[in-house]
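The values are calculated or read from the model by the stated rules, or taken from the named source; none is laboratory data. Since this is a predicted model, take the numbers as computed values, not measurements. All Cβ positions, glycine included, derive from the backbone under ideal geometry; neighbour counts span all protein chains shown. These accessible areas exclude ligands, DNA and RNA; they are computed on the full protein's heavy atoms, side chains included. Shrake-Rupley method; radii C 1.70, N 1.55, O 1.52, S 1.80 Å.
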Amino acid sequence: LLLRWRRRRGLWRKVKEAQRRQERSLVQMEAAAQRFREQHPSVNTTSILSLPLPELSKKLRDGSLPLEHVFYAYVGKAVQMAIETNCITEYLQESETQLQKMKLSGKPGLLYGVPVSIKDSIDCQGHDSTLGFIKNLNKPAEEDSVVVQVLRRQGAIPFVKTNVPQSLISYDCKNLLFGQTYNPLLFTRSPGGSSGGEGALVGGGGSILGFGTDVGGSLRFPAAFCGICALKPTGNRLSKKGIISGVVGQKAVVAAVGPMAKDVESLALCMRALLCEDMFSLDSTVPPLPFNEEVYSSTRPLRIGYYETDFFTMPGPTMRRAVREMKQLLEDAGHTLVPFELTNVDNTLFNFCVKGIFADGGTSFVKKFKGELERGSIGLFFWLAKSPDWLKTVLSWIAKPFVPRFSGIIRSMRSNTVDDVWSLHHEIEEFCHQFIAQWKKLNLDVMLCPMLGPALRIGYPGKLSVAVSYTMLYNILDFPVGVVPVTMVTEEDEEELKGYQGYFRDLWDRTLVKAFRGSEGLPVAVQCVALPWQEELCLRFMKEVETL
């Protein structure tokens with residue numbers, strides 16, 4: 001007991017030191033911004049912060065806007081958002097040195113002088129990638145991830161790292177080291193996750209371009225909840241070298257790294273910059289596909305598939321209205337809308353997603369928490385992962401008549417043999433081919449889909465793991481998908497929500513109503529999907545949705 005007490009006390013010391021380091025970062029940022037304001041009292045930071053990324057980058061490249069004016073304007077705004085939402089974990093102080101060197105450098109890249117924010121799990125040389133774990137403290141990355149290296153070569157200035165939920169296997173944003181991150185639009189709401197710090201910072205205006213990862217909606221939830229845009233590319237369109245995964249080694253549910261910004265044109269500019277020779281030479285596993293300008297700038301009418309529900313998680317009134325209104329607007333603009341029917345989403349979620357991530361019965365997932373002081377908001381998954389297979393079988397059988405979805409999750413978390421895993425990968429391949437065949441049969445270009453929203457109350461994402469059904473489908477398929485906010489919750493939506501019962505009328509359906517309630521004025525988004533490797537077409541569709 002004494003040894004255990006001493007060990008716990010040592011862990012708490014590490015937590016306190018991490019929190020002090022976070023506080024020091026904010027003090028350094030505030031001091032740097034204050035120093036700049038005193039030296040340049042006439043600079044209008046508000047006008048700088050209001051510039052969209054394409055215009056800002058153009059002014060930086062042609063020299064009409066000084067680098068330091070932009071950099072310190074965003075440092076000042078970022079520290080304000082950090083104080084309000086607790087979104088920043090660390091200030092990359094070397095960004096100030098990079099700024100000074102760039103003033104003397106030659107040819108500017110596409111993102112010359114643009115301050116960018118980086119998710120905690122993306123390696124930046126000399127800084128921790130903690131994933132909210134104590135064991136990852138004081139283990140600075142030896143080199144930048146490939147994405148960060150390319151950003152620097154394109155002239156971007158990574159200046160902060162942002163908060164994540166512990167282990168990344170959550171769409172909330174809380175861990176013991178740095179605490180809860182809040183939604184900048186309403187502090188009682190979650191910013192989404194796992195790229196929640198990015199969502200809050202970009203959504204609040206403290207960063208003009210952010211980078212996160214997505215293994216089930218981790219870019220899309222924060223974007224939708226915070227009212228901004230995000231793109232989850234095909235898994236290997238951008239390099240994942242130097243990016244720490246929530247479940248290392250699993251291949252069933254495909255992860256991706258992607259950008260977050262206030263508008264679609266900013267995402268397109270970012271992809272133009274990243275899809276360059278540097279990306280392909282630094283990581284030769286990335287296919288050398290430069291940005292296809294012709295596809296992105298095309299104006300030909302699109303043939304668009306759409307669905308209002310996946311028949312697993314009943315959409316809230318605003319989610320359904322968002323798709324219906326967008327369908328009408330697209331038809332009025334000359335596009336063709338074709339109904340697309342989803343089937344067996346429960347099989348996809350349980351037998352592909354949950355079984356894929358926890359194919360070893362959760363053993364590797366449990367190992368991550370060994371020696372940690374708490375298990376964040378994934379206590380239920382942790383307990384199930386620790387349980388023996390016979391107990392999971394019994395619990396699944398008992399739960400099936402009362403809570404069939406919970407029963408499905410338990411059943412999918414049993415240990416698998418190597419043969420089982422190979423069969424699973426084969427089934428996923430077959431499912432993908434069938435989905436594409438259905439797509440091709442309807443002769444579709446892109447797809448319009450619901451996105452979970454509005455932002456859930458803090459603490460509720462951990463109680464609503466099944467609500468990832470709308471997003472996780474496209475990680476299994478490995479399709480590029482973007483999120484664009486299109487409407488806001490109205491008083492009528494709130495009234496209609498009172499009659500929401502869900503498809504299963506179980507505890508999760510009742511909990512979802514509580515999580516949505518009181519959301520008038522909050523944004524709701526849609527998902528825009530394209531076939532693999534067609535990010536430019538996806539962005540072109542997103543731009544159309546945004547414009548309409």
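Determine one quarter of the surface area of the Cα convex hull of the range 183-253, which equals its mean projected area, and express it in nm² to one decimal.
The number I arrive at for the range 183-253 is 5.0 nm².
Measure out, as a whole number of angstrom, how far apart the alpha-carbon centroids of the range 239-277 and the range 402-469 sit.
21 Å
For the range 360-415, build the charge dipole from Cβ charges (+1 Lys, Arg; -1 Asp, Glu) around the Cα centre, then report which of W383, T363, S412 sits farthest towards its positive end.
Result: S412, furthest along the dipole toward the positive end.
If I take every Cα pair under 8 Å that is 6 or more residues apart in the range 1-291, average their sequence separation and divide by the length, what percent do I get for the relative contact order?
18 percent
Could you give the C-alpha radius of gyration of the range 328-465 expressed as a fraction of 2.2 N^0.38 Å, taking N as the number of residues it contains?
Against the empirical 2.2 N^0.38 Å value, I get 1.33 for the range 328-465.
For the range 1-114, what number results from the quotient of the Cα radius of gyration and 2.2 N^0.38 Å?
Its radius of gyration relative to the 2.2 N^0.38 Å reference: 1.40.
Ignoring ligands, DNA and RNA, please state the percent of accessible area on the range 223-288 from carbon and sulfur, probe 1.4 Å.
55 percent
Heavy atoms only, probe 1.4 Å: what % of the accessible area of the range 360-415 goes to carbon and sulfur, would you let me know?
That fraction is 65 percent.
Using a 1.4 Å probe and ignoring any ligands, DNA or RNA, find the accessible area of L168 and quote it in Å² to the nearest 10.
Answer for L168: close to 10 Å² accessible.
Would you compute the Debye intensity of the range 1-291 from its alpha-carbon atoms alone, equal scatterers and no solvent, and pass along log10 I(q)/I(0) at q = 0.06, 0.12, 0.14, 0.15 Å⁻¹ to two decimals?
-0.17, -0.70, -0.97, -1.12
When the accessible area of the range 1-133 is split by element with a 1.4 Å probe, what percent falls to carbon and sulfur?
53 percent
Quick one: dipole size for the chain, taken about the Cα centre, charges +1 on Lys/Arg Cβ and -1 on Asp/Glu Cβ, in debye to the nearest 20.
With only Lys, Arg, Asp and Glu charged at Cβ, the dipole is about 2120 debye.
Just how many % of Cα pairs in the chain lie over 39 Å apart, if you round to the nearest whole percent?
For the chain, the share of Cα pairs beyond 39 Å comes to 22 percent.
Compare L456, L329 by solvent-accessible area with a 1.4 Å probe and give them largest first, with all protein chains kept in place.
L329, L456
Looking at V486, L302, T188, which one has the Cα that reaches farthest to the positive end of the dipole of the chain (charges on Cβ: Lys, Arg +1; Asp, Glu -1)?
Checked the options; the winner is T188.
Could you tell me which of L424, Y91, V116 has its Cα farthest along the dipole of the chain towards the positive end, charges placed at Cβ (Lys, Arg +1; Asp, Glu -1), taken about the Cα centre?
Positive-end residue among those listed: Y91.
Pairwise over distinct Cα atoms, reciprocal of the mean inverse distance: report the Kirkwood radius of the range 166-303 in Å, one decimal place.
By the Kirkwood definition, the hydrodynamic radius is 15.8 Å.
Under a 1.4 Å probe, what is the accessible area of the chain per residue, stated in Å²?
40 Å²
Which pairs break 19 Å Cα to Cα here: K355/K400; K139/K370; K58/K107; K232/K367; K139/K241?
In this structure, K232/K367 lie more than 19 Å apart at Cα.
Per-residue ellipticity at 222 nm for the chain, helices alone: DSSP H runs ≥ 4 residues times -39500 (n - 2.57), over residue total, nearest 500 deg cm²/dmol?
Mean residue ellipticity, 222 nm, calculated: -13500 deg cm²/dmol.
For the range 243-310, report the convex hull volume of the alpha-carbon atoms normalised per residue, in Å³, without decimals.
Value for the range 243-310: 187 Å³ per residue.
Antiparallel as a % of all DSSP beta bridges within the chain, to the nearest 5?
65 percent
Can you list residues whose amide H is under 5 Å from E90's amide H, if they're 5+ apart or on another chain and H is modeled 1.01 Å from N?
Here the answer is K161, since their amide H atoms fall under 5 Å of that of E90.
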